[in-house]
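The values are calculated or read from the model by the stated rules, or taken from the named source; none is laboratory data. Fair warning: this is a prediction, and the values are worked out from it, not measured in the lab. Virtual Cβ from ideal backbone geometry, glycine too; neighbours counted across all protein chains shown. These accessible areas exclude ligands, DNA and RNA; they are computed on the full protein's heavy atoms, side chains included. Shrake-Rupley method; radii C 1.70, N 1.55, O 1.52, S 1.80 Å.
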Protein chains: 2
Amino acid sequence: MRTMKLSKVFTLLEPGPVVLVTTHDGKRSNVMTISWTMVVDFTPRFAITTGEWNHSYRALKKTRECVIAIPTVDMLDTVVGIGTCSGADTDKFAKFGLTPLPGKVVRAPLIKECLANIECRVVEFIRRYDIVVLDAVAVHEATSPKERRTLHAVGDGTFVVDGRRLDRRRQMAGKIPAGI
Amino acid sequence: MRTMKLSKVFTLLEPGPVVLVTTHDGKRSNVMTISWTMVVDFTPRFAITTGEWNHSYRALKKTRECVIAIPTVDMLDTVVGIGTCSGADTDKFAKFGLTPLPGKVVRAPLIKECLANIECRVVEFIRRYDIVVLDAVAVHEATSPKERRTLHAVGDGTFVVDGRRLDRRRQMAGKIPAGI
């Protein structure tokens, strides 16, 4: 994986892919599937929705760190598998054959098999809505991925795969941050 | 358009489509393009990110109401056009040939041309992050749309179109809310 410019990171989450979020509680790594995410600033700052119902939440609360990893379509059954078992009784990295890699800033692991990994620090837990505001502090992208298509969870057990890409850069020139 | 069950509304936003958000300030209707949205609860409750930089924000703040409309791929140039001009000097409904329809609960208009329209009330403005928490109060879906594919803004001026849909309902049975 190679470093990606922080200014471009919002383009990983803005399209709304389902993501994997890793944590490390000081003893063990864990990973959860999340589809409730939102860009909130180009800084880059994100929000995710998670709470006590996720085993990972405890580690997130304690360490105030996580990694948001972007899986591709070939990882669908891993994404679903991770989302339907618990780190309370399962070593998910082992169970799903994921390769943890050390991050540059946070202790939560990167996932080698993913398209990109965003190291994040918690800015604030907005408890009344279970919203967690995160700042990206480092980003890594796969050097030469064979698969780039991501997945969008519908929420009913189906997933939409990225289709073709349409270009409106010229029309949007005035609205795109410099260098993107 | 026909009424959609409120319990299913989160499935419209969970995949992360770019959306149109309409408002009505008491005199005029307006509409903006937003891609920073997130489901925060099945109730259904959503968050969007918007602030003073959007002309619509004034009406949203004043009325605490809006409609989130879901455009389809054939509306790409409307989505881009709406996102690159301002309601301060443009009647966007007229300019882009959108048909406003009355909602059931809020005064902000539905957009006839869209796949679905979610009438929303503001729960809270979380000003320090420009996050607005919304509750859906009524939902309408197109009766027999010819086009169902939505758009995902990447943020760099390109848009990803929905591709094929993969079914993992069986594997996720325990995680899907009843009746979805």
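So that you can scan it fast, the table gives a plain yes or no per residue for (1) within 20 Å of the chain's Cα centre (by Cα); (2) open to solvent by 20 Å² or more (accessible area, probe 1.4 Å); (3) more than 7 Å from every other protein chain (Cβ to nearest Cβ):
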| position | (1), (2), (3) |
| --- | --- |
| A:VAL139 | yes, no, yes |
| A:PRO145 | yes, yes, yes |
| A:VAL161 | yes, no, no |
| A:ARG168 | no, yes, no |
| A:GLN171 | no, yes, no |
| A:LYS175 | no, yes, no |
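Of the listed requirements (1) open to solvent by less than 20 Å² (accessible area, probe 1.4 Å); (2) in contact with a Pro (Cβ under 8 Å, 6 or more places away or on another chain), B:PHE42 misses just one: (1).
Taking every residue in region B:10-32 that is within 14 Å of another protein chain (Cβ to nearest Cβ) and in contact (Cβ under 8 Å) with a residue 60 or more places away in the chain and pairing it with any residue that is among the polar types (S, T, N, Q) and in a loop (DSSP other than H, G, I, E, B), at least 6 positions away or on another chain, the pairs with Cβ-Cβ distances below 7 Å are B:VAL18/B:SER35.
When restricted to residues that are of a type in the set (Val, Ile, Thr), part of a strand (DSSP E or B) and at the interface with another protein chain (Cβ under 10 Å from one of its Cβ atoms), region A:42-83 contains 2. Just to verify a result, which residue in region B:147-159, among those that are within 7 Å of chain A (Cβ to nearest Cβ) and part of a strand (DSSP E or B), is surrounded by the most Cβ atoms within 10 Å (Cβ to Cβ)? My answer is B:ALA153. A count restricted to region B:84-93 and to residues that are open to solvent by less than 60 Å² (accessible area, probe 1.4 Å), away from every other protein chain (no Cβ under 14 Å) and in a loop (DSSP other than H, G, I, E, B) stands at 2. Remark: pairs (first residue in region A:49-61, in contact (Cβ under 8 Å) with a residue 40 or more places away in the chain and within 19 Å of B:PHE10 (Cα to Cα); second residue open to solvent by 10 Å² or more (accessible area, probe 1.4 Å) and not in a strand (DSSP E or B); Cβ separation under 6 Å; 6+ apart in sequence or on different chains) = A:THR49/A:TRP36; A:THR49/A:ASP130; A:GLY51/A:ASP130.
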